[in-house]
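The values are calculated or read from the model by the stated rules, or taken from the named source; none is laboratory data. For clarity, every value in this text was computed on a predicted model and none was experimentally measured. Here the Cβ is made from the backbone with ideal geometry for all residues, glycine too, and neighbour counts use every protein chain on show. Areas reflect the complete protein model, heavy atoms only, side chains present, ligands, DNA and RNA absent. Shrake-Rupley method; radii C 1.70, N 1.55, O 1.52, S 1.80 Å.
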Amino acid sequence: MSETRESWAVVTGSTSGIGRETAVGLAEDGFAVVVCGRDHDRAEETVKRIEAAGGKAIAVLADLTDPAAVRALVAEVRERIGDGTVDVLVNNAGGGEFAPTEATTEERFDTTFTLNVKAPYILTGAFAPGMADRGRGAIVNVGSLSTTMAASGTSAFQAAKAALSMLTKSWTAEYGPRGVRVNSVDPGYVLTRVNEHIRDMFDRYLTDLPAGRGAQPEEVAEAIRFLISPKASYIQGATLTVDGGKNSVVTM
Ligand SMILES: NC(=O)c1ccc[n+]([C@@H]2O[C@H](COP(=O)([O-])OP(=O)(O)OC[C@H]3O[C@@H](n4cnc5c(N)ncnc54)[C@H](OP(=O)(O)O)[C@@H]3O)[C@@H](O)[C@H]2O)c1
């Protein structure tokens, strides 16, 4: 009976950028998609794009810097998908202001960790047990090149993404033996809304980048989609770096 239940993918941060392209791709792969974010109009744009391609999607809005809103999102997803099952979770929403450590307020530190670590923690705690009970599921955490490489002036964000990276391994230990594959995708520089206002800053970054350009969001989404697909059936606890070669070269 469970085989006939509708299979859902929850994609946080799917009102734009990497998350939106991931949501659209997963709909093409046959999942009904829960589109998440804060912006109603952009959420509806994602839903309409999926529906126009023949897929199914609903929008559930929540500010993931607020743990109560994350819990409310879980409740709303459960209510609205009815008999469906959440078989995929993409913890993609993330970010944080660039600021020196001494200028990062405790409040800002906390919201950065809530968005990048605590929200994924609550969502995984809510949805992974069901996947494990059914013996199948996939979770992808979207990290950052900052998980392994530091840049000055973004310490809270880097620490949060590093914590999320460890959770990929922790959840692999916890849920992997029961059929839930958990992996990370670490983007480098992607041309999305999040860094629109600091494009100039990336001129220096691009000089020694083998790819010679920033990524389009769909190039990162394809990596996420692959890790969720049966083609990645033996990949667990891994990090797929999608950075145009940045992490592999040193300038001589
Ligand atoms: N772009 C890059 O160069 C880059 C590099 C490394 C890592 N990443 C990571 O990639 C992920 C996706 O980023 P992106 O580049 O695709 O950026 P984006 O286009 O700005 O998308 C960010 C998404 O996250 C959602 N979001 C942000 N804050 C939120 C909050 N407080 N509550 C709920 N949703 C929130 C946004 O939704 P609303 O706007 O609707 O709230 C939006 O859908 C992030 O985790 C980011 O850290 C990006």
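How much length is gained if the chain between residue 252 and residue 40 is pulled fully straight, taking 0.36 nm per residue apart and subtracting their Cα-Cα distance, in nm to one decimal?
Values: separation 212, 0.36 × 212 = 76.32 nm, distance 4.75 nm.
Here the answer is 71.6 nm.
Quick query: amide H of residue 186 versus all other amide H atoms, modeled in the peptide plane; which residues come in under 5 Å with a sequence gap of 5 or more or a different chain?
The answer is 143, 240, 241, 242.
When we measure straight from the Cα of residue 246, which aspartates and glutamates land under 16 angstrom away, once same-chain ones fewer than 8 places off are left out?
186, 203, 208, 219
So, in Å, what gap is there between the alpha-carbon centers of region 24-68 and region 225-239?
22 Å
Would you kindly derive the ³J(HN,Hα) couplings of region 51-64 from the backbone phi angles with the Karplus curve 6.51 cos²θ - 1.76 cosθ + 1.60 (θ = phi - 60°), listing them in order in whole Hz, with x for Gly and Pro?
Per-residue couplings from phi come out as 5, 4, 8, x, x, 10, 8, 10, 9, 10, 8, 6, 8, 6 Hz.
Using a Gaussian network model of the chain whose springs link C-alpha atoms within less than 10 Å, name the residue from 234, 189, 121 with the highest mean-square fluctuation.
234
Calculate, for the chain, the solvent-accessible area per residue in square angstrom, rolling a 1.4 angstrom probe over the heavy atoms of the protein chains.
Heavy-atom SASA per residue in the chain reads 48 Å².
Using alpha-carbon pairs under 8 Å, 6+ residues apart, how would you state the relative contact order of region 2-240 in percent?
On the way: 441 pairs, mean separation 46.9, N = 239.
So the answer I get is 20 percent.
Pop out the Kirkwood hydrodynamic radius of the chain from its pairwise C-alpha distances, inverse of mean 1/r, in Å to one decimal.
For the chain, the Kirkwood estimate is 18.3 Å.
Which residues among region 141-165 fall inside the zone where the amide N is under 13 Å from a point 7 Å beyond the Cα of residue 101, along Cα→Cβ?
Residues 151-159 fall inside that zone.
What's the carbon and sulfur percent of region 2-240's accessible surface, probe 1.4 angstrom, rounded to a whole number?
51 percent
Suppose R0 equals 41 Å. What FRET efficiency, 1/(1 + (r/R0)^6) with r the Cβ-Cβ distance, do residue 238 and residue 207 give to the nearest 0.05?
0.90
Leaving ligands, DNA and RNA out of it, rank 203, 208, 29 by accessible area with a 1.4 Å probe, largest first.
203, 29, 208
Among residues other than residue 192 whose Cβ falls under 13 Å from its Cβ, what is the net charge (Lys/Arg +1, Asp/Glu -1)?
Working: positive: 20, 42, 193, 199; negative: 21, 196, 218, 219.
Around residue 192, the charge tally is 0.
Have a look at 54, 30, 19 and tell me which one the Gaussian network model of the chain (Cα, springs below 10 Å) gives the largest fluctuation.
54
Given 0.36 nm per residue, what is the gain on full extension from residue 148 to residue 66 after removing their alpha carbon distance, in nm?
Net length gain for the segment: 26.8 nm.
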